[in-house]
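Read through the structure below, which is laid out as structure tokens, and then see the notes.
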Amino acid sequence: MDGPSGSGKSSTSRGVASKLGLRYLDTGAQFRAMTWWMLQHGVDVDDAAAVAAHADDPVLVSGTDPAAPTITVDGTDVAGPIRSTEVTSAVSAVSTVPAVRGRLLREQRAIIGDGGIVVEGRDIGTVVAPDAAVKVYLTADPEARAVRRTAEMSAGTDITATQQDLLRRDRIDSGRATAPLAMADGAHHIDTTPFTLDEVVDQVVALVEEAS
Ligand code: C5P
């Protein structure tokens, strides 16, 4: 499941995994956890060489239960802190660094193993799991994405600022040299703007059932 921020990837992926009894992996949370560690250790996230030098240092553990996804870094639960404004602003820079992507790619493939999992991110259908049984690319209008993301954040968060940040991250994520955000060959494109979450989950469940 790939797509830009706020397209509905997380809620849809978790809903599909729960309905079908599959595991779930949020690769965005892994990039956020790497970013959280870099900020904690005073690494300049705009210095790609400095980030690369530390790419293998954090120990990440990702839980794969769709009802209760967890992520720890060096044994610390970071599920809350990785959603902070500081991490959100810095994550796209860290995600452009090939050493970070290479390290996470190995771990993502190890977690995927023989399958039975819904994996969400930006490069899942193109790079991480090009042989996936079903590939889905979710999008939504920028306004709808900003409204959804703002609703998830603390009260008083500004919709215009959220939309600007989403569009800034889209530009970086789509323009980077290594594994940019892109629709994979053979992916099913769903524009989620007019649909409820349950409707999108049902559409994806139907695609999985057709494929199996
Ligand atoms: O999905 P989420 O918004 O939490 O992802 C945070 C960031 O992590 C994205 O903006 C992107 O820079 C990066 N990311 C990535 N590749 C993935 C998943 C996320 O580069 N597979």
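The values are calculated or read from the model by the stated rules, or taken from the named source; none is laboratory data. What you are looking at is a predicted structure, and each value in this text was computed from that prediction instead of being measured. Every residue, glycine among them, receives a Cβ derived from its backbone with ideal geometry; neighbour counts consider all protein chains shown. Keep in mind that these areas ignore ligands, DNA and RNA; they rest on the heavy atoms of the full protein, side chains included. Shrake-Rupley method; radii C 1.70, N 1.55, O 1.52, S 1.80 Å.
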Listing of helices (runs of 4 or more DSSP H) fully contained in the stretch 108-212 that carry 3 or more residues being within 13 Å of the ligand (Cβ to nearest atom) and within 22 Å of Val91 (Cα to Cα): 142-152, 159-175
Some residue of the stretch 23-30 being within 14 Å of the ligand (Cβ to nearest atom), under 30 Å from Glu209 (Cβ atoms), open to solvent by less than 20 Å² (accessible area, probe 1.4 Å) and polar (S, T, N, Q): yes
Any helices (runs of 4 or more DSSP H) falling wholly within the stretch 1-103 and containing at least 1 residues that are closer than 18 Å to Gly116 by Cα and under 16 Å from the mean Cα position of the chain (by Cα): 9-20, 27-40
Out of Ala50, Ala93, sole residue that is out of contact with any Gly (no Cβ under 9 Å at 6 or more places or on another chain), farther than 21 Å from Thr157 by Cβ and within 15 Å of the ligand (Cβ to nearest atom): Ala93
Condition check for Val61: away from the ligand (no atom under 13 Å from the Cβ) and in contact with a His (Cβ under 7 Å, 6 or more places away or on another chain): no
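Looking at the stretch 188-212 only, could you name the residues that are free of Cβ contacts under 8 Å to residues at least 60 places away in the same chain and small (Gly, Ala, Ser)? I'd like the intermediate steps shown before the answer.
Within the stretch 188-212, the subset free of Cβ contacts under 8 Å to residues at least 60 places away in the same chain is 188-191, 193-196, 199, 202-203, 206, 209-210.
Once the filter is applied, which keeps residues that are free of Cβ contacts under 8 Å to residues at least 60 places away in the same chain and small (Gly, Ala, Ser), the stretch 188-212 yields only Ala206.
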Conditions (1) open to solvent by 10 Å² or more (accessible area, probe 1.4 Å); (2) touching a helix residue (DSSP H, G or I) at 6+ places or on another chain (Cβ under 6 Å); number of the one not met by Met34: (1)
Pairs with Cβ under 9 Å, 6+ apart, first in the stretch 114-127 and under 16 Å from Gly21 (Cβ atoms), second near the ligand (Cβ under 6 Å from one of its atoms): Val119/Thr27
